[in-house]
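Okay, structure first, notes after.
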Amino acid sequence: MRPDFIPEFAIVGHPNEGKSSVLSTLAEDDSVRISGTPGETVICQQFPVIIDGREIIRFIDTPGFQNPRKILHQLQSFGDETDDIIGAFRDRNGDNPEFREDCELLLPITRGAGIIYVVDGSRPVRSVDRAEMEILRLTGLPRMAILNSKDAGTDFLEQWKDEFRKCFNVFRVFNAHTANYAQRIELLESLKNIDQDWQATLDTVIRAFKKDWAQRNLASASIITEMLQECLAYKKVRNLADSGDAESMQADMLKEYEKNIRKIESRSHHKIRSLFKHTVFNYDLPPRSILHEDLFSESTWKLLGLSRNQQIVAAGIGGAGIAAALDAATVGTSFGLFATLGGLAGATWAALGGKNLARTRILGIPLGGREIQIGPVENIQFLYILLDRSLIYYAHISNWAHGRRDYDAGKVDQKKDTAPGGYVAQWDSGARSICNGFFKEATKKNGSSQDAVAQMKDFLIAQLQKISHSEDVTMM
Ligand SMILES: Nc1nc2c(ncn2[C@@H]2O[C@H](COP(=O)(O)OP(=O)(O)O)[C@@H](O)[C@H]2O)c(=O)[nH]1
Ligand SMILES: [Mg+2]
């Protein structure tokens, strides 16, 4: 096989079995058309996977088989007449409208494309399926079968496996709606076994996929680190005329401050989403995701970041009295991150840096007049909350299969998205000391040390690898 050979796989099967969904997930391409109406695809369409500007592998979406029994009958009738029975079939039936889609689906096969046969494994095997599988066997081409079960349940799994054994070199269970990075790689690994001649090429493909994923994790860690730096250091300063109303100006500035921080955060999420090639559909987050809550809302601040006890320990002034005071502060106070809290509870919160996210200062400035300044952030919990939200977002976007376009009503699975308390509450003291160092650096007036920033980035890369089930790949 030539070194510049680009492997090509035709995704074939009966209409509506999930061919396009499997292709979309495998190629991470959400421009692939998926439809609940059978028979919408009438021509083949190519979907190349481009990595670093180079085509690495190509998948072909095909129309479903229309007349598998008739095709098989004709193929069998050729006997020894020809070695190229598929070509002969197309020559004979090319002008026959009855076989238009069948001829189209067989086209990539005449070019020698590898075959990926997709069936919905949640239903029993039928005789048309046997005919389709036999046609594919007669092509003699490298071929694999995929069980893409639309419903959970394994009642027919053994039945399908028995049939596959007769006609395919390799078969695998692969779910177009739930497959993640690791499962895509597993599928490509098994694809290597369809033919010895394809092994080296597919090894190159797998290496490219892994390297690309590692690069995305690296880029995501940079995006998150930069966003954190920007949010933590962000400040607003405005001059206050002598006659000005400091209070209303402060209120306006706080609104603007929050708005800008939200913008910085959502811009970073958007960049991560593009990295993971979710560009067409705006399905973003599961309906009950904590990320639907506003960054500055009470529930976000209660559920994410360090737990209450961890905050007490982090502040170094633990004790039952303080825990009680914290409860008092949380209950019955109208929530506002910048709210001034009165009494003992308020004083305790202030001591912990509790709800005071960033101080508002009224400063005298030269040449008279006054200045109001908000920021940079003083409460490290804000760093933890931004981290949690970034990691939750990353978990969602990096594990979301491209073939799945929306949430089935009533069947919302959120297993990866809503770990109560998020990720950071699980971190050990080593992780927290990296966060501390980073926080100090990012909020310092003239932060210069790049060490703390580099440490945060490396730490994040490891976290992202864990979340996306990927292994460490040495960058080349
Ligand atoms: N629940 C579920 N539905 C699926 C899955 N794969 C495909 N579908 C649905 O089945 C229908 C047909 O899918 P499509 O990929 O267009 O099938 P094709 O005609 O074989 O290309 C669509 O409504 C898909 O959303 C799956 O793994 N799980
Ligand atoms: Mg289709």
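The values are calculated or read from the model by the stated rules, or taken from the named source; none is laboratory data. These numbers were taken from a predicted model, which means no experiment stands behind them. All Cβ positions, glycine included, derive from the backbone under ideal geometry; neighbour counts span all protein chains shown. Side chains included, ligands, DNA and RNA excluded: accessible areas come from the protein's heavy atoms. Shrake-Rupley method; radii C 1.70, N 1.55, O 1.52, S 1.80 Å.
Can you pull the percent of the range 205-307's accessible area that's carbon plus sulfur, 1.4 Å probe, other chains left in place? Carbon and sulfur together cover 49 percent of it. What the Cα atoms of the range 8-176 give is an Rg and a Dmax of 15.5, 47 Å. Computed over the range 147-240, the quotient of the alpha carbon radius of gyration and 2.2 N^0.38 Å is 1.82. I want the antiparallel fraction of DSSP beta bridges within the range 114-237, as a percent rounded to 5. Close to 0 percent. Within a Cβ distance under 13 Å of residue 188, other residues only, what is the Lys/Arg minus Asp/Glu net charge? Around residue 188, the surrounding residues sum to 0.
DSSP finds beta bridges in the range 1-144, and of those with both partners inside it, around 40 percent are antiparallel. For the range 258-305, the spherically averaged projection of the C-alpha convex hull amounts to 4.0 nm². For chymotrypsin sites (Phe, Trp or Tyr not before Pro), the sites in the range 1-81 that DSSP calls loop and that have at most 16 other Cβ atoms within 10 Å are 5, 78. Based on alpha carbons, the Rg and Dmax found for the range 166-313 are 23.9, 88 Å.
Shown here for the range 76-131: GluC sites (Glu not before Pro) in loop regions (DSSP other than H, G, I, E, B) with at most 15 other Cβ atoms within 10 Å, namely 81. Taking Lys and Arg as +1 and Asp and Glu as -1, the other residues whose beta-carbon sits under 11 Å from that of residue 279 total -1. Considering all alpha-carbon pairs of the range 92-140, what whole percent are spaced by more than 19 angstrom? So the pairs more than 19 Å apart make up 36 percent of the total in the range 92-140.
Scalar couplings 3J(HN,Hα) for the range 156-167, obtained by applying the Karplus form with A = 6.51, B = -1.76, C = 1.60 to θ = phi - 60°, are 9, 4, 5, 4, 5, 4, 4, 5, 4, 4, 6, 10 Hz; x denotes Gly and Pro.
Taking amide H as placed 1.01 Å from N in the peptide plane, the amide H of residue 59 sits under 5 Å from that of 9, 47, 49, each at least 5 places away or on another chain. Applying the criteria of a DSSP loop state and at most 12 other Cβ atoms within 10 Å to the trypsin sites (Lys or Arg not before Pro) of the range 219-311 yields 288.
Mean separation of Cα pairs under 8 Å and 6 or more residues apart, divided by the residue count, gives the range 8-176 a relative contact order of 25 percent.
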